[in-house]
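The values are calculated or read from the model by the stated rules, or taken from the named source; none is laboratory data. Source: prediction; values computed, not measured. Using ideal geometry, Cβ is built from the backbone for each residue, glycine included, and neighbour counts are taken over all protein chains shown.
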Amino acid sequence: MNPDLAQLLQLTLNGVAIGAIYALVALGLVLTYKATEVLNFAHGDVLMASSFVGWGLIVGLGWPFWLATLTTVLLAAAFSWLLDARIMRLIVGQPQFAGVMLTIAIAFMLRGLVSMSFGPDSRTYPTPWTGQKTQIGTLVVNDLSLAIVGMALLITLVLFWFLKKTALGTSIQAASQNQLAAYLSGIRVKRVTSMVWAISGAIAAVCGLLLAPIALVDIGLWIVVLKALAALVLGGFGSVPGAILGGLLLGVIEQFSGVYLPDGFKDAMAYIVLIGVLILWPRGLLGEAHGRRV
């Protein structure tokens, strides 16, 4: 295979693996936003805290990876449920800005609690795919990257099936479109909203557990929420398919910019994309156009 073509394919595969994480994080943001119209900035800190909990269970207590993963996901889902049911619900009816500021405050509190509990040092933990690679022709792919892509695809398919084919999924969609109409139709909107937050928290935990072996278990892992926000804007804010597409594209763009652009562009590319899309195409790739007559 031509070396240049092999490099392009390698970068694309690596970008899709990282982009799959961005897509899942963006998907969690979209779910809570459509349910409550609040952009949950604590989402990235739930992801970060989950990676530390996973490390504590796997390395600290010696639990098997899959048992630690299941426990961490359940804990993140329960925490997110309580976050909506006991905290976010107190500001229902207040301006959206109040909800955003509350999630930012919760994010800082989580960051502080994790720092006090585990310390500031970076760390990692073994996974079933650590150190394993698969060769596809002339391409060499880390098995962890393949696992990330496979897990992201599985979660996305299961979530779409859940929303389209189950009664609870239909209730979630109805409540996200019009809470008053859903309530008048007999849907328990408050319980449905908390369920959405729980699902979002579970997705964040999976992202944290998959991303940590690559980016290390670190307090700074929360910053992935900002890249997911850029992916949301790129794909179309409020669009579930747009969140997935935007995340994948952003991952690929980052990989290519790290090779073909000067040093520093890779880390800044998400924010460059965010600013560029807001200026040139605010609706994003799959977003709906909204207009207002004045």
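So here's what we get for this one:
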{"item": "Tally, over region 33-54, of residues that are in a helix (DSSP H, G or I), touching a Leu at 6+ places or on another chain (Cβ under 8 Å) and not charged (D, E, K, R)", "result": "11"}
{"item": "The listed residue being of a type in the set (D, E) and in a loop (DSSP other than H, G, I, E, B), out of D121, D84", "result": "D121"}
{"item": "So I187, is it assigned to a helix (DSSP H, G or I) and not aromatic (F, W, Y)", "result": "no"}
{"item": "Qualifying residue in region 206-220 (condition: touching a residue at least 24 places away in the same chain (Cβ under 8 Å), of a type in the set (D, E, K, R) and farther than 21 Å from L113 by Cα)", "result": "no"}
{"item": "Some residue of region 27-46 being modelled with pLDDT of 90 or more, buried (at least 22 other Cβ atoms within 10 Å of the Cβ) and farther than 30 Å from S171 by Cβ", "result": "no"}
{"item": "Neighbours by Cβ (under 6 Å, 6+ apart or cross-chain): first from region 247-268, surrounded by 13 or more Cβ atoms within 10 Å (Cβ to Cβ); second aromatic (F, W, Y) and assigned to a helix (DSSP H, G or I)", "result": "G247/Y22; L250/Y22; G251/Y22; S257/F265"}
{"item": "Condition met for R111 (exposed (fewer than 14 other Cβ atoms within 10 Å of the Cβ), among the charged types (D, E, K, R), under 23 Å from I203 (Cβ atoms) and touching a residue at least 24 places away in the same chain (Cβ under 8 Å))", "result": "no"}
{"item": "Complete set of residues in region 215-264 that are more than 17 Å from L47 (Cα to Cα) and not in a helix (DSSP H, G or I)", "result": "G236, F237, G238, S239, L261, P262, D263, G264"}
{"item": "Which numbered condition W63 fails, given (1) in a loop (DSSP other than H, G, I, E, B); (2) crowded, with 22+ Cβ neighbours inside 10 Å; (3) of a type outside the set (D, E)", "result": "(2)"}
{"item": "Subset of region 29-64 [of a type in the set (F, W, Y) and in contact (Cβ under 8 Å) with a residue 60 or more places away in the chain]", "result": "Y33, F41, F52, W55"}
{"item": "Hits in region 234-271 - residues which are under 18 Å from the mean Cα position of the chain (by Cα) and β-branched (V, I, T)", "result": "V240, I244, V252, I253"}
{"item": "Test: residue in region 273-289 that is assigned to a helix (DSSP H, G or I), crowded, with 17+ Cβ neighbours inside 10 Å and without any contact (Cβ under 8 Å) to a residue 40 or more places away in the chain", "result": "no"}
